[in-house]
1. Which one of these does A:VAL65 not meet: (1) assigned to a strand (DSSP E or B); (2) loosely packed, with under 15 Cβ neighbours inside 10 Å?
2. Listed residues A:VAL40, A:VAL98; which is open to solvent by less than 20 Å² (accessible area, probe 1.4 Å), aliphatic (A, V, I, L, M), more than 16 Å from ligand 2 (Cβ to nearest atom) and at pLDDT 95 or above?
3. Does region A:123-139 hold any residues that are in a helix (DSSP H, G or I) and within 21 Å of the chain's Cα centre (by Cα), and which are they?
4. Spot the failing condition for A:TRP91; the list is (1) touching a Pro at 6+ places or on another chain (Cβ under 7 Å); (2) within 16 Å of ligand 1 (Cβ to nearest atom); (3) among the hydrophobic types (A, V, I, L, M, F, W, C), and only one is missed.
5. Given A:ALA19, A:ALA55, A:ALA23, which one is in contact with a Leu (Cβ under 6 Å, 6 or more places away or on another chain) and within 16 Å of ligand 1 (Cβ to nearest atom)?
6. With the structure loaded, tell me whether A:GLN84 is surrounded by 15 or more Cβ atoms within 10 Å (Cβ to Cβ) and either assigned to a helix (DSSP H, G or I) or modelled with pLDDT of 90 or more (or both) or whether it fails that test.
7. Go through region B:179-194 residue by residue and tally those that are open to solvent by 20 Å² or more (accessible area, probe 1.4 Å), more than 7 Å from every other protein chain (Cβ to nearest Cβ) and free of Cβ contacts under 8 Å to residues at least 40 places away in the same chain.
8. Which of the following residues is of a type in the set (Phe, Trp, Tyr), closer than 24 Å to A:LEU50 by Cα and open to solvent by less than 50 Å² (accessible area, probe 1.4 Å): A:PHE164, A:PHE239?
Amino acid sequence: MTTKISFQQTSCAFLVNGADFLAVDRVDLDIADREVVTVVGPSGCGKSTLLNMAAGLVNPTGGQVYVDGVPVREPGPERGVIFQQYALFPWLTVRSNVEFGLTLQRGVSRAERRRRAQHFIDLVGLTDFADALPKTLSGGMRQRCAIARAYAVNPSILLMDEPFGALDALTRVQMQDQLLRAWSAEQRTIMFITHDVDEAVYLANRVVVMAARPGRIKEIIPVELPYPRTEAHRLSPEFTEIRNRVWHAVYHQALEEDRAT
Amino acid sequence: MTSTIPVRGAPPGATAPPGRSRAGRRPNRTSLRMLGLNAVAVAIGLAVWAGLARAGVEGLPGPLAVADRGWDLIESGTLLEDTAASLRRVFIGFLLGSLLAVPVGFLMGWYVTARGLIEPYVQFFRTIPPLAIIPLAIVLLGIGETPKIFVITLAAFLSSVISTFQGVVSVDKTLINAARVLGAGDGVTFRRVVVPASSPFILVGMRIGLGSAWATLVAAELIAAQQGVGYRMQQAQLYYDLPTIFVGLITIGVLGLIMDRILLLVERRLTRWQERR
Ligand SMILES: Nc1ncnc2c1ncn2[C@@H]1O[C@H](COP(=O)(O)OP(=O)(O)O)[C@@H](O)[C@H]1O
Ligand SMILES: [Mg+2]
């Protein structure tokens, strides 16, 4: 199996109040081609920073991130990002938002662009809102629009920062299955941040548990469940066991920290 | 008369003043009531004015006398010519000023170097009222159209440039990142994200710019002109011709209001996507 994304001793420090604050501390992590890796951890532990370094939006202050063996210097359309804050262009309709990335690709005709955008708009269930402005959409609908926009450019890597956080439980489960279906059809590599332990286990080949202060990897828990995953997996004893392990890793640590302070 | 008084220079978006709600677009009960009150206020104002004139305040002409003079000036074509001359100056100055302010404001917002080089001048000239430049402009540029248009351009430019700059600086970083990860380079990000995202600021700046262009215009004409509303009032002053001065004042007010309203409509149209709370 080839490595798609490789963090090598990757650190990131921010200047906060004149002092260096270590948001990510020497992370080593290899994500294989076509693997789904989910990242969980308490808020503020550096999950978004880690993802942004892979996206090329934040430069590591130590170490390096490699994608296909090449150090990441800047963002690129082969690495799709879904932001925690949706980041829709408020002056564009849903359709124009979804088409945005496609307009930047050479050799995509207008009709083809339309067709592809429509496909992903339908996919996320926004058919009736294709010509609406973001301000008229609910949080969940905005998130779905952001997902369609990222999917539309067909990136080989998807970097997703709590993408389903604003969705209701049912839509969330639908989007998870949708994501896995698209993943197995198009063979993408996915790095997925979530605070939902069930979601982390359901999607992942491996779950990365991070700890805070400084942000680091605490444990990597493999999920030995076969794909395609179904609702039956969620109810299996194996699932429950892994889920409990992850839960423990995240919250045991949180409790420890509470005790320490 | 319209129902609301626009707040000059109010920042767009988050703190949209109440006057910019939808009341202006769809007449509901409150806005009809406001319209009624506005009409009453105007009527009372006219009555007080007429009363004062009749009571014999030294030299004050009544509304009818002013209306009469207004009609004369319209019939003779003087008012139209003066208005045309004034509007021409203000439009040229306003257009030049805004056209210059937008790229300069963008440069300042986008490149730290440009900001460092330009900002001291903008801040310095902003503290000088454009009118104070008039003597210098007349000495350097003569008494033709050039100094007037120059001063108006300067006034419009200084008002818009800061606003544009602030708009660029306050563009949400995640929107820029969103464009970049979709494959947009600097140019595309600038054109398709920074420009639209800062357009509410630019439009507010343009409205402020138009306001100061208009204010500066009249003063510039008071000092040196052969035609224009300000010039007409200056002439009237020599002959103690108060009705003409009043006609001039009302013309200036009405034209200023109309121009502001047009820009407000344009602004509303172009920034309809904004979330207003
Ligand atoms: N641009 C920044 N400047 C300063 N501090 C930052 C910046 N971005 C993130 N941080 C800090 O780094 C830590 C990790 O942030 P983040 O990666 O967003 O955490 P998470 O996504 O896990 O909640 C937080 O304490 C946050 O305050
Ligand atoms: Mg985060």
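1. Of (1) assigned to a strand (DSSP E or B); (2) loosely packed, with under 15 Cβ neighbours inside 10 Å, only one is false for A:VAL65: (2).
2. Exactly one of A:VAL40, A:VAL98 is open to solvent by less than 20 Å² (accessible area, probe 1.4 Å), aliphatic (A, V, I, L, M), more than 16 Å from ligand 2 (Cβ to nearest atom) and at pLDDT 95 or above, namely A:VAL98.
3. A:LEU123, A:GLY139
4. Going through the list (1) touching a Pro at 6+ places or on another chain (Cβ under 7 Å); (2) within 16 Å of ligand 1 (Cβ to nearest atom); (3) among the hydrophobic types (A, V, I, L, M, F, W, C), A:TRP91 breaks only (2).
5. After applying the criteria, what remains is A:ALA55.
6. no
7. Here the count works out to 5.
8. A:PHE164
The values are calculated or read from the model by the stated rules, or taken from the named source; none is laboratory data. Predicted model only: the values in this text are computed from it and were never measured. Cβ atoms come from the backbone with ideal geometry, glycine included; neighbour counts cover every protein chain shown. For accessibility, only protein heavy atoms count, side chains too; no ligands or nucleic acids. Shrake-Rupley method; radii C 1.70, N 1.55, O 1.52, S 1.80 Å.
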